[in-house]
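Note sheet for the following structure.
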Amino acid sequence: MDQLRALKYFVQVVDAGSFTKAADVFSVPPSSLSRRIADLEKSLGATLLKRSTRVVTLTEIGQRYYQQVSEILKSLEITDESVRSYQSTPMGVLNISSTVGFGEKILLPLLDEFSSLYPKITLNVNLSDELSTLARDQVDIAIRGGYAPDERVVAIRLMDNDFIAVCAESYIASFGYPNNALSLQQHHGLYFKTPNGPTPWLCEINEQWQDVSAPPVLISNHGPWLLKKAIAGKGILMMPRWALVHYLQSGELIELAIKPALVITQNPNLGIYLLYQKQRYKVPKLKAAIDFLVARIKAYQVDSGQVSR
């Protein structure tokens, strides 16, 4: 029995949840996977999988075995890649996942420069606001907004992700300036929709957190459309400062000094984080990308005036 192949089949079946889906990954018949894993179970003297017509699940011992084998295969993959790439030019496919807004505005232009510097690296970039898991989703680098994750990964804080309230001068001319947070009920709100729903407008009044969101006139997960509506004077919008710098500098939008200050969460430590698995930093293509992005994003903040020189 080819034990290494059997282990790879076993892990893929668990990840996919079925023999058929796992077989597609290896371009072999499902029966081949089934026989290999049956031989593996026979050699171990233990049943690893519970099989049914619709789903494949792990037994108790199978769960323990899967966790250990997954780590071994991942370490072996990293070791193999490190050896192949030892003292060589960074190369290969680099899988990057990023939130849509940050990806479109900041990441993609930087990756154009990165590609010119490292032409032997093939970029596979996915922009999505859905959460991803590095190991499960085969992502080398993930860029996410929020808080430092609990995953066993390295999280580098790239920048703050503070949300601010903005609108156009034409909106104020039509509806007045909302000095007080409680007056927002008489205004129009433009809301960005995350995977968890529209971002609320919160503030602390008399040591109590309150939702002071204005009645919505538009809810969307498409940032450029919301910005277009805000510039057209259709409502008040809350977005990260980094996404609004250009519009504030051009005067198309103005920052509102609403009291008490508006936030979208009670947690004050929002940030944009670059995530990667610690052991993979040794792989040349990852090291090149991580070092490049951290340095360039720091420079971007200086150039855009978000941090002082």
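Read the figures in this text as sums done on the coordinates, not as results from a lab. Quick caveat: nothing in here was measured; it's all calculated off a predicted structure. As a convention, Cβ positions derive from the backbone with ideal geometry for all residues, glycine included, and neighbour counts pool all protein chains shown.
Spacing of the modelled spin labels on Met91 and Ile172, each 7 Å from Cα toward Cβ, amounts to 5.8 nm. Could you tell me which chymotrypsin sites (Phe, Trp or Tyr not before Pro) in segment 1-102 are loop residues by DSSP with no more than 10 other beta carbons within 10 angstrom of their beta carbon? Hits after loop and neighbour filter: Tyr86. When all alpha-carbon pairs of segment 44-124 are counted, what percent fall beyond 20 Å? That fraction is 61 percent.
Among Met159, Met238, Met91, the ranking by other beta carbons within 10 Å of each residue's beta carbon, starting with the fewest, stands as Met91, Met159, Met238.
Helix-only estimate, please: 222 nm mean residue ellipticity of the chain, summing -39500 (n - 2.57) across DSSP H runs of length 4 or more and dividing by its residues, to the nearest 500. Write down the numbers at each step before the final one.
On the way: 9 runs with 118 residues, N = 309.
Theoretical 222 nm ellipticity from helices: -12000 deg cm²/dmol.
Here Arg64, Arg54 are placed in order of increasing Cβ neighbour count within 10 Å, fewest first, which gives Arg54, Arg64.
Residues of segment 243-271 falling in the label zone of Val217, defined by backbone nitrogen less than 19 Å from a point 7 Å along Cα to beta-carbon, are 252-258. As a proxy for reagent exposure, ranking Tyr171, Tyr147 by other Cβ atoms within 10 Å from fewest up yields Tyr147, Tyr171. Can you give me the pair-distance distribution of segment 163-255, C-alpha pairs, 5 Å bins, whole percents? Whole-percent P(r) values from 0 Å outward: 3, 14, 25, 26, 19, 9, 3, 0. Placing a label point 7 Å from the Cα of Gln279 along the Cα-to-Cβ direction, the residues of segment 43-82 with a backbone N closer than 18 Å are 64-82. Annotation: aspartates and glutamates with alpha-carbon distance below 12 angstrom to Lys229 (same-chain offsets under eight excluded): Glu252.
Across every pair of non-identical alpha carbons in segment 230-298, the mean reciprocal distance, once inverted, gives a Kirkwood radius of 15.6 Å. Among the helices of the chain, those built from whole DSSP H runs whose Cα atoms reach 18 Å or more along their own axis and whose mean Kyte-Doolittle hydropathy is at least -0.5 are 3-16, 30-44, 284-303.
Rounded to the nearest 0.05, what FRET efficiency is calculated for Leu44 and Ser18 with R0 set to 22 Å and r the Cβ-Cβ distance? That gives a FRET efficiency of 0.50.
Counting alpha carbon pairs within less than 8 Å and at least 6 residues apart, what relative contact order, in whole percent, applies to the chain?
20 percent
Tell me, what is the percent relative contact order of segment 3-84, built from C-alpha pairs under 8 Å that lie six or more residues apart? Result for segment 3-84 is 28 percent.
What's the longest bit of the chain with no exposed GluC sites (Glu not before Pro), using DSSP loop states and at most 12 other Cβ atoms within 10 Å as the test? Can you show the working numbers first?
Details: sites that count: Glu130, Glu207.
Answer from the scan: 1-129.
Just checking the listed ones, Leu274, Leu76, Leu256: in the Gaussian network model of the chain with Cα springs under 10 Å, the one fluctuating most is Leu76.
Across Leu111, Leu33, Leu218, mean-square fluctuation computed from a Gaussian network of the chain (C-alpha pairs under 10 Å connected) peaks at Leu33.
Rounded to two decimal places and with Rh computed the Kirkwood way over Cα pairs, what is Rg over Rh for the chain?
On the way: Rg = 24.5 Å, Rh = 22.7 Å.
Taking Rg over the Kirkwood Rh, I get 1.08.
On the beta carbon distance between Leu270 and Asn180, with R0 = 22 Å, the FRET formula returns roughly 0.40. Largest first, the three principal axis extents of the alpha carbons in segment 3-84 are 41, 27, 19 Å in whole numbers. What is the extension gain from Val25 to Gln208, computed as 0.36 nm multiplied by their sequence separation minus the C-alpha to C-alpha distance, in nm to one decimal? Length gained, Val25 through Gln208: 60.6 nm. In the structure shown, do any of Lys42/Lys74; Lys8/Lys298; Lys21/Lys287; Lys120/Lys228 have a Cα-Cα gap over 29 Å, and if so which? In this structure, Lys8/Lys298; Lys21/Lys287; Lys120/Lys228 exceed 29 Å between Cα atoms.
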